[in-house]
Amino acid sequence: MMIIKGIGLDSSSKVAFQSHAHTDHFVSGEFIISTKPTKFLSHLKKGGFYRTYRFGESFYIGDYKAKLYPAGHMLGSAQIYIRFDEFSLLYTGDVKWFKLRTAEKSKFRKADILVIEATYGLPMYNFPTPREAEKKLIAFVEEALDRNKTPTLYANQMGKAQELLKILDVHGYSARVSGDIRKVARIYEKFGVRFNNISKDGEVVIRGFRSQKPVDGLHPSELFVSGFGNLKLSNHADFWELIKIIEKVKPEKIYTRYGYNREFAKILRGLGYEARPIEDVLLSGELI
């Protein structure tokens, strides 16, 4: 649980901020702060009273002034900047430095304290850029079709599947998708991300992870698309993107969360930053 001065950051509280619409970030509260796309996408699976704000719009949480900034992770994903009495804080949630086709370009601002994800917080995670990964994806699709095979892509059905759908659309390929992926795509379209390639006879099949275990025994015409998959088209920042974000924010203190949070904090300390895993800070009673 991450609650700072009564505000839940991707944690349930009376007042809670939800960074995006993936279920592992769902929160509850008297009201939930988010963007409008996050509200619509979340309502596919859960209820709750959402108080939505546009990126860059100033608002108050009690006495504290706040703004949302795009995180670049998926449509509507947000960071929150809060100006407390003693310090300013930027909380990223899941974040991406490079621009994806279906997510708003991330934007970062200076803050005294940065709370940042560490899902891929080790130097071994050095992903291709989204455009480089896109070239590999299209090459895979073309090779499979040349062999008269149906290319099948496995991806998170909310966010990543729509990114794949858009890439295929840009390159002129139609796609067959599940009902759940289609429902999410309709909400994306409400917010200006258009798909013109969804077809019952699509050349490419996009499936969610739950439809089959894609990790082991993949067929040559199947591809697992994830930072942990065969094609590393990730909507998370890799290690080097995380470093770029930190250099942009210029924080006095860094608190790491998720994934390799302890390892990442140790590396950052070696680079001269004051960095700790966020749970250690909360247990010590700081920031609360």
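Here are the numbers for the structure shown:
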read-out	value
Residue that is surrounded by the fewest Cβ atoms within 10 Å (Cβ to Cβ) [pool: residues in segment 1-30 that are over 21 Å from GLY159 (Cβ atoms) and aliphatic (A, V, I, L, M)]	MET1
Failed condition for ALA161, given (1) modelled with pLDDT of 95 or more; (2) open to solvent by 80 Å² or more (accessible area, probe 1.4 Å); (3) of a type outside the set (Phe, Trp, Tyr)	(2)
Residue match in segment 68-76 (condition: within 18 Å of GLU247 (Cα to Cα), of a type outside the set (Gly, Ala, Ser) and modelled with pLDDT of 95 or more)	yes
Pairs where the first residue, in segment 225-244, is under 28 Å from TYR273 (Cα atoms) and the second is surrounded by fewer than 18 Cβ atoms within 10 Å (Cβ to Cβ) and among the aromatic types (Phe, Trp, Tyr), C-beta under 9 Å, 6+ apart	SER234/PHE228
Tally of residues being modelled with pLDDT under 95, farther than 13 Å from ARG257 by Cα and not in a loop (DSSP other than H, G, I, E, B) across segment 9-30	2
Residue in segment 145-156 that is open to solvent by 10 Å² or more (accessible area, probe 1.4 Å), of a type in the set (Lys, Arg), farther than 30 Å from LYS244 by Cβ and not in a loop (DSSP other than H, G, I, E, B) present	no
Strands (runs of 3 or more DSSP E) enclosed by segment 63-128 - at least 3 residues per element that are in contact (Cβ under 8 Å) with a residue 40 or more places away in the chain and surrounded by 24 or more Cβ atoms within 10 Å (Cβ to Cβ)	78-83, 113-117
Residue, surrounded by the most Cβ atoms within 10 Å (Cβ to Cβ), within segment 164-207, restricted to residues that are farther than 23 Å from PRO37 by Cβ and of a type in the set (Ser, Thr, Tyr)	TYR173
Residue count, segment 1-47 (criterion: in contact (Cβ under 8 Å) with a residue 40 or more places away in the chain and farther than 22 Å from GLU279 by Cβ)	10
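The values are calculated or read from the model by the stated rules, or taken from the named source; none is laboratory data. Since this is a predicted model, take the numbers as computed values, not measurements. All Cβ positions, even for glycine, are placed from backbone atoms using ideal geometry, and neighbour counts span all protein chains on display. Each accessible area value is taken on the protein alone, full model and side chains, heavy atoms only, with ligands, DNA and RNA left out. Shrake-Rupley method; radii C 1.70, N 1.55, O 1.52, S 1.80 Å.
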